[in-house]
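The values are calculated or read from the model by the stated rules, or taken from the named source; none is laboratory data. All figures in this text were calculated on a predicted structure; none of them were measured in a lab. Please note: Cβ atoms are built from the backbone with ideal geometry, for glycine as well, and neighbour counts cover all protein chains shown. Ligands, DNA and RNA are excluded from the accessible area calculation, which covers all protein heavy atoms including side chains. Shrake-Rupley method; radii C 1.70, N 1.55, O 1.52, S 1.80 Å.
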Amino acid sequence: MKVLVLGGGPGGLYAAILLRKVHPEWSVELIERNPSDATYGWGIVFSDRTLASFREADATSYREIVDRFVLWEVIEVRHLGEAIRCGGNVFAGMSRKVLLDVLQRRARELGVVLTFRTELGDPSRLEAYDLCIAADGANSFVRRSFASTFRPRVQLGRSKYAWFGTDQLFDAFTFIFRATEHGLFQAHVYPHIGAVATMVIECAESTWHAAGLDEASEAENVAFCERVFREDLGGHRILANKSDWLSFPTIRNRSWRHGRLVLLGDAAHTAHFSVGSGTKLAMEDAIALASAFGRHAVDVERALDEYELERRPVVEALQQAALESQEVFENSARYAHFSAPALAFHLLTRSSRISYDELRRRDSSFIDRIDSEFFDAHDERARPPGTRRLAPPPAFAPLRLRRLELANRVVLAPAPADGGRGLRGEAASAALVRSALGGAGLMLTEIFAVSPEGRITPDCSGIYRAETAAGLRRLAELVHEQTDTKLGVQIGHAGRRGSMRPRREGLDRPLEGGAAWPLLSASAIAYAPGHPLPSEMTRAAMDRVRDDFVRAARTVDRAGADLLQLHAAQGYLLWSFLSPVSNRRTDSWGGSLERRAAFPLEVVVAVREVWPDTKPLSVVLSASDWLDDGLGPDDVVAIARMLHDRGCDLAHVITGIVQFEGCPRYDAYASTLHSDRVRNESGIATLVAVRSATTDEINGILAAGRGDLCLLPPQPSEAGGFDPHTIVVEGGA
Ligand SMILES: Cc1cc2nc3c(=O)[nH]c(=O)nc-3n(C[C@H](O)[C@H](O)[C@H](O)COP(=O)(O)OP(=O)(O)OC[C@H]3O[C@@H](n4cnc5c(N)ncnc54)[C@H](O)[C@@H]3O)c2cc1C
């Protein structure tokens, strides 16, 4: 078998080594365009120093690699003049050049034919081989030559970064944030050989332009970065070596193979450098490829299939984590107001692979500091300087919204016990009180319709009914008498998503015949094909609906509730005005975002006028329309800002169906990411739904500043169904 490996990076060299080990009888040739002693590139990081799979694959090179590791276990974050350290995070670094030297030596020893200074530019040359491994990097020539088979997708990052070195000594993996007149600059610094550290410098593209770096020479770039990081460099230099500013490309391919050609390493996939995994991934690809050929010596097709099948899920999971990490670094200006410890916690938990509990295991003093700072931020009692507080974890820190004091950050929203029939009777109230006895800081009711045509289904409770108002009063009394939980009441108008059959008969199935009621919406556009057409709201209808909301707010206040939550999400009436998909009006309530928001804001202002100043007002918003031409996350941030300016204190950002045609992002982390963005870009506090009822997840969200309150999911009952009344919040201040 005649094998060509294209590219002498870590992936290509390791594949050549391992194939020769598995099949010494094969001829393996490697072509690399650079000289063998090229010094491009600085250090690489292995986030897992054990590298057990490397030891198993080739003990000789493994020993040489780990012998050259520079190990460190501290991550340091420098921000706003403070440096905070978190221990217990073991990383290993080494110079890329040293790694390539080790691998080149080993490849020669095993009989790989290495040809340097040769650039392959003609794809027909590949035909001479039985197997061709394209390990030719992120800009792969092979991938581009056969793009119609590989079908690559390249997603370019939004910031600019350049890979530098420095002769300043760093003893930790250090993230540095420095504000300049052009914007925020950040450096990811890690030692990789005794006297030199790698320094990846990153900034927003707008900052890069503003600083004139787009037109600067390499020497000017270095001089500029030395000025920005002067304090950190302590008189030492920044070193450059082909240190161009780039946008990070996340590369994916629909297929990794084309006949006897296969992609490996960066040619097949990349993962943002902030997770430090590119080299390890490329070398692990090589291990999987060689072991597939160990199983199927001559059946190239089968070996390549198995290789892709094994590696793709691992790579895709890591790419997802890397995108989450990239999102944080690309938007670091969003967190510029965080303290150094809060920013450090946010960064350490950025890709959802490391949790609050895990960090406590790694460095309990770091988490003590986080707990204490979090508690202090929400506790107005002064502490004598120098004293340390024994603070509870963030889930059990109180939260003050206006004059409302919540004992902790846990929120329950139990579903009505009788399947959507609301506060009908003593039993329903008693069940809700049982939930509140669990100890959550806040309990939210179901959505009460503000008018009969505002109901979602006939089962919905209407706050306009005297019996509902009386039931709510009774509930508030019981909750306040028997528990420390505060009561939040949700009100809303279903708009064009109203007049549906009860949920137990399926989602969004319109009522038929005489049972149906007329619908209202921003424009006369049905929610879904075949659904009844709503009427476009006249000014008189807007006045009526606004007054319905105001009346409902007064009723909720008189009932003794502590917080009011307006539902403006999920395609209901208020959202139908906000979204360009459902609002096609040409009058003052349609067109730009400001005009589409005019009526929902009018409702909010009118409600705020009657809802007591001392009590917080909350709004539910969807994260997006999930449609290209719909409302997107940036618009939702702008809306949250407008709401905040008009006296809203809390936003509950939810994911899920909004528009019939939309395709919501349902993955577990989505609502947290959107809450994070809304909270930290608009300044409003947020309520975020958690996936699990673990304090680990809740503490993580709160300490990272991704939300201020956490809504628990309903708990499975002993009978196997969902019982909203079984949650008990344990612990606390
Ligand atoms: C700023 C930055 C920081 C990084 N930090 C880390 C880190 O800390 N840890 C980590 O694990 N990874 C890191 N990486 C990623 C890492 O460098 C790559 O993921 C890794 O090198 C991939 O190995 P590879 O063999 O697939 O590709 P490469 O290392 O890119 O090797 C490809 C080789 O192919 C050669 N080549 C290309 N085309 C041709 C051709 N037509 N003919 C002949 N030769 C050709 C190239 O010259 C090159 O030597 C970082 C990347 C960047 C950009």
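Sub-8 Å Cβ pairs linking a first residue in the stretch 240-253 that is more than 9 Å from Val154 (Cα to Cα) and assigned to a strand (DSSP E or B) to a second residue that is open to solvent by less than 40 Å² (accessible area, probe 1.4 Å) and within 11 Å of the ligand (Cβ to nearest atom), at least 6 apart or interchain, are Leu246/Tyr161; Leu246/Ala162, ordered by first then second residue.
Could you tell me whether Val550 is open to solvent by less than 10 Å² (accessible area, probe 1.4 Å), more than 25 Å from Ala428 (Cα to Cα) and not acidic (Asp, Glu)? For Val550, the condition - open to solvent by less than 10 Å² (accessible area, probe 1.4 Å), more than 25 Å from Ala428 (Cα to Cα) and not acidic (Asp, Glu) - is not met.
Can you find a residue that is more than 14 Å from the ligand (Cβ to nearest atom), over 32 Å from the mean Cα position of the chain (by Cα) and either outside the structural domain of Arg178 (by TED's automatic domain parsing) or open to solvent by 30 Å² or more (accessible area, probe 1.4 Å) (or both) anywhere in the stretch 121-128? Within the stretch 121-128, one or more residues are more than 14 Å from the ligand (Cβ to nearest atom), over 32 Å from the mean Cα position of the chain (by Cα) and either outside the structural domain of Arg178 (by TED's automatic domain parsing) or open to solvent by 30 Å² or more (accessible area, probe 1.4 Å) (or both).
Comparison of Glu327, Glu308 shows that the only residue that is under 13 Å from Val275 (Cβ atoms), in contact (Cβ under 8 Å) with a residue 24 or more places away in the chain, in a helix (DSSP H, G or I) and open to solvent by 10 Å² or more (accessible area, probe 1.4 Å) is Glu327. Regarding Thr149, is this residue in a helix (DSSP H, G or I), away from the ligand (no atom under 11 Å from the Cβ) and at pLDDT 95 or above? In short, yes. Among the residues of the stretch 154-187, write down those that are aromatic (Phe, Trp, Tyr) and assigned to a strand (DSSP E or B). Tyr161, Trp163, Phe164, Phe173, Phe175, Phe177, Phe185 - these are the residues of the stretch 154-187 that are aromatic (Phe, Trp, Tyr) and assigned to a strand (DSSP E or B). Hey, among the residues in the stretch 31-46 that are within 8 Å of the ligand (Cβ to nearest atom) and of a type in the set (Gly, Ala, Ser), which one's nearest to the chain's Cα centre (by Cα)? Top of the filtered list is Gly43.
Inside the stretch 155-169, residues that are surrounded by fewer than 20 Cβ atoms within 10 Å (Cβ to Cβ) and within 14 Å of the ligand (Cβ to nearest atom) make up a count of 1. Residues in the stretch 223-255 that are open to solvent by less than 20 Å² (accessible area, probe 1.4 Å) and either touching a Pro at 6+ places or on another chain (Cβ under 6 Å) or at pLDDT 95 or above (or both): Cys225, Phe229, Asp232, Leu233, Ile238, Thr250, Ile251, Asn253. For the stretch 581-593, a residue qualifies if it is in contact (Cβ under 8 Å) with a residue 24 or more places away in the chain and either surrounded by fewer than 21 Cβ atoms within 10 Å (Cβ to Cβ) or β-branched (Val, Ile, Thr) (or both), and the qualifying residues are Val581, Arg584, Arg585, Gly590, Leu593. Checking each residue in the stretch 595-621 for being more than 28 Å from Ala559 (Cα to Cα) and in contact (Cβ under 8 Å) with a residue 24 or more places away in the chain picks out Arg596, Ala597. State yes or no: is Glu82 acidic (Asp, Glu) and open to solvent by 40 Å² or more (accessible area, probe 1.4 Å)? The answer is yes for Glu82. Scoring Val28 on the criteria (1) more than 15 Å from the ligand (Cβ to nearest atom); (2) outside any strand (DSSP E or B); (3) of a type in the set (A, V, I, L, M) leaves a single failure, condition (2). When the stretch 47-84 is limited to residues that are small (Gly, Ala, Ser) and not assigned by TED's automatic domain parsing to the domain that holds Thr279, the one that is farthest from the ligand (Cβ to nearest atom) turns out to be Gly81.
Within the stretch 188-231, the residues that satisfy the criterion of being part of a helix (DSSP H, G or I), more than 31 Å from the chain's Cα centre (by Cα) and under 24 Å from Glu76 (Cα atoms) are Val222, Phe224, Glu226, Arg227, Arg230, Glu231. Report yes if some residue within the stretch 448-459 is open to solvent by 60 Å² or more (accessible area, probe 1.4 Å) and either closer than 30 Å to Ser588 by Cα or assigned to a helix (DSSP H, G or I) (or both); otherwise report no. Yes, there is a match, as at least one residue in the stretch 448-459 is open to solvent by 60 Å² or more (accessible area, probe 1.4 Å) and either closer than 30 Å to Ser588 by Cα or assigned to a helix (DSSP H, G or I) (or both). Checked against the criterion of being in a strand (DSSP E or B) and of a type in the set (A, V, I, L, M), the candidates Val607, Val619 yield just one match: Val619. Counting only strands (runs of 3 or more DSSP E) that sit completely within the stretch 58-120, those holding 2 or more residues that are more than 24 Å from Ile367 (Cβ to Cβ) correspond to 91-95, 113-115.
Looking only at residues of the stretch 265-304 that are in a loop (DSSP other than H, G, I, E, B) and of a type outside the set (A, V, I, L, M, F, W, C), we find that the one that is farthest from the ligand (Cβ to nearest atom) is Asp299. Restricting the stretch 254-264 to residues that are in a strand (DSSP E or B) and away from the ligand (no atom under 12 Å from the Cβ) leaves a set whose member that is farthest from Phe173 (Cα to Cα) is His258. Within the stretch 152-197, the set of residues being of a type in the set (Ser, Thr, Tyr) and at pLDDT below 95 comprises Tyr190 only.
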